[in-house]
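The values are calculated or read from the model by the stated rules, or taken from the named source; none is laboratory data. Fair warning: this is a prediction, and the values are worked out from it, not measured in the lab. Please note: Cβ atoms are built from the backbone with ideal geometry, for glycine as well, and neighbour counts cover all protein chains shown. Surface accessibility is based on the protein's heavy atoms, side chains included, excluding ligands, DNA and RNA. Shrake-Rupley method; radii C 1.70, N 1.55, O 1.52, S 1.80 Å.
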Amino acid sequence: MTNNTAKYIIVGAGLSGLTSAYVLNKQGETDFLVLESRNRIGGRILTDNNIDFGATWFQNHHQNVIDLLDEIVVDKFHQFNKGKSVLVYSTMAPAHYFENDPSTPSAFRIAGGTTAMIQELAKTNADKIKTKTTVLEVNDNDNGVSVITDKGEFKAEKVIITIPPRIATRISFSPGLPEMLTKTMENTHTWMSNAIKVGITFKNPFWKDKKLSGTLIGQVGAVTELYDHSNINEDRFALMGFVNEGLRDVSEKERKTRILEHLQKFLGAEVLDYITYQEKDWSQDKNTSCDTIKSIYMSPRYGDSKFKEFYVNGKVLFSGAETSPVYGGYMDGAIYSGVVAAKNILEK
Ligand SMILES: Cc1cc2nc3c(=O)[nH]c(=O)nc-3n(C[C@H](O)[C@H](O)[C@H](O)COP(=O)(O)OP(=O)(O)OC[C@H]3O[C@@H](n4cnc5c(N)ncnc54)[C@H](O)[C@@H]3O)c2cc1C
């Protein structure tokens, strides 16, 4: 392997790409590179200031996440939900307060934030990951594949593209991809690319003192979902949730005012006594989102069978959460597709 040449190139250092890299390494294959356009790894997994602004939760049935965390030895813990939760379902009626059923286990979170899984997964392959490198073209030639990036040319025998299918249509392929595949890629919504998250940290978990869980579900209002987001050791306290997309186009200042007013109404004036306040609108992030924002709240059917084939004369394979027939769009799907892609490319 020279600096810009490797047997395999993985495009994208999100959960799927890093899983493929991890599996290749585990199988004894170390001749690969991972090219990532952002200046960080993780893709739609982003923990900042102890707050998960991207993926957070998984459930008992997400076996691929559970197995991976066990293997790389990263702890999980239950989402805090003790106490009264708030349901805001109408502008006319008062909010409804309810207790969660203690016999139903809550979702899991990752100790240290979801990024802890990414850091651990990438650890052994850190020298093979090139950030700030955007792939622009993938061209077949007699000797393999030429991968043109904004940092120059890379060469490989085979390439795994793990970036969301709709974003991957920005890459020029030669020979070109079949029209049906391009159409499918264009129509594949990037899960959660429309989400706006808010994370607020506090000195004290004042909601717990009031016997509130910190959960607020709102069909109306500035915040559609909010949860306690304190850390596993319960010594750093936060609330995190999803912002009503109706507030996307108001000014930053107004959005913040309306969010804090809304939370103050249901959790108390202590909300205003925060340490930090941050938002992340994924629709504005060009490495996840495209120009047309589609607000989709139910996971669409992912894992089109066309993503199982090799393209560009058998040298390019697509992977990533949206290509997965297993829990497509979710972390579980990203891991599943990453494992399958690594195995398929080794077997080809
Ligand atoms: C707000 C939000 C909340 C979520 N909540 C949950 C949750 O609670 N539970 C759950 O299971 N899932 C959740 N998800 C989904 C989860 O984040 C994804 O399933 C998973 O992270 C996808 O991983 P991936 O590797 O397939 O894709 P990505 O993470 O999108 O990785 C693709 C990578 O490719 C890079 N890239 C893009 N274009 C190029 C290019 N031209 N050249 C090189 N690199 C490029 C990107 O920068 C990115 O790093 C959430 C997502 C978001 C955004």
*Which members of segment 258-284 meet the condition of being surrounded by fewer than 13 Cβ atoms within 10 Å (Cβ to Cβ) and within 16 Å of the ligand (Cβ to nearest atom)?*
Gln284
*asked:* With the requirement that a residue be open to solvent by 10 Å² or more (accessible area, probe 1.4 Å), in a strand (DSSP E or B) and β-branched (Val, Ile, Thr), what does segment 11-40 give you?
replied: none
*asked:* Quick check on Pro178: is it within 15 Å of the ligand (Cβ to nearest atom) and touching a strand residue (DSSP E or B) at 6+ places or on another chain (Cβ under 8 Å)?
replied: no
*Does segment 304-348 hold any residues that are open to solvent by less than 20 Å² (accessible area, probe 1.4 Å) and farther than 21 Å from Gly42 by Cα, and which are they?*
Phe307, Val312, Gly314, Val316, Ile345
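This table checks each residue for (1) of a type in the set (A, V, I, L, M, F, W, C); (2) at pLDDT 95 or above; (3) more than 19 Å from Phe98 (Cβ to Cβ).
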| site | (1), (2), (3) |
| --- | --- |
| Trp207 | yes, yes, no |
| Gly218 | no, no, no |
| Phe237 | yes, yes, yes |
| Glu252 | no, yes, yes |
| Lys256 | no, yes, yes |
| Tyr277 | no, yes, yes |
_Condition first: surrounded by 17 or more Cβ atoms within 10 Å (Cβ to Cβ) and within 30 Å of Glu29 (Cα to Cα). Can you find one or more residues in segment 178-186 that meet it?_
yes
*Within segment 218-240, how many residues are in contact with a Gly (Cβ under 7 Å, 6 or more places away or on another chain), closer than 16 Å to Thr114 by Cβ and among the aliphatic types (A, V, I, L, M)?*
2
*asked:* Among the residues that make up segment 223-231, is at least one of them part of a loop (DSSP other than H, G, I, E, B), in contact with a Lys or Arg (Cβ under 7 Å, 6 or more places away or on another chain), at negative phi and open to solvent by less than 30 Å² (accessible area, probe 1.4 Å)?
replied: yes
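For (1) within 11 Å of the ligand (Cβ to nearest atom); (2) modelled with pLDDT under 95; (3) touching a His at 6+ places or on another chain (Cβ under 8 Å); (4) at positive phi, each residue gets a yes or a no:
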position	(1), (2), (3), (4)
Gly12	yes, no, no, yes
Leu15	yes, no, no, no
Leu18	yes, no, no, no
Val23	no, no, no, no
Leu33	no, no, no, no
Arg44	yes, no, no, no
Thr47	no, no, no, no
Ala55	yes, no, no, no
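For segment 143-188, how many residues are β-branched (Val, Ile, Thr), closer than 16 Å to Val312 by Cα and not in a strand (DSSP E or B)? Talk me through it step by step, then tell me what you get.
Going through segment 143-188, the residues β-branched (Val, Ile, Thr) turn out to be 145, 147-149, 159-163, 167, 169, 171, 182, 184, 188.
Going one step further and asking which of them are closer than 16 Å to Val312 by Cα, we end up with 145, 147-148, 159-162, 169, 171, 182.
Filter once more, so that each one left must be not in a strand (DSSP E or B): 162, 169, 171, 182.
The total comes to 4.
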*Matching residues, segment 307-348, being closer than 29 Å to Thr56 by Cα and more than 14 Å from the ligand (Cβ to nearest atom)*: Lys308, Lys343, Asn344
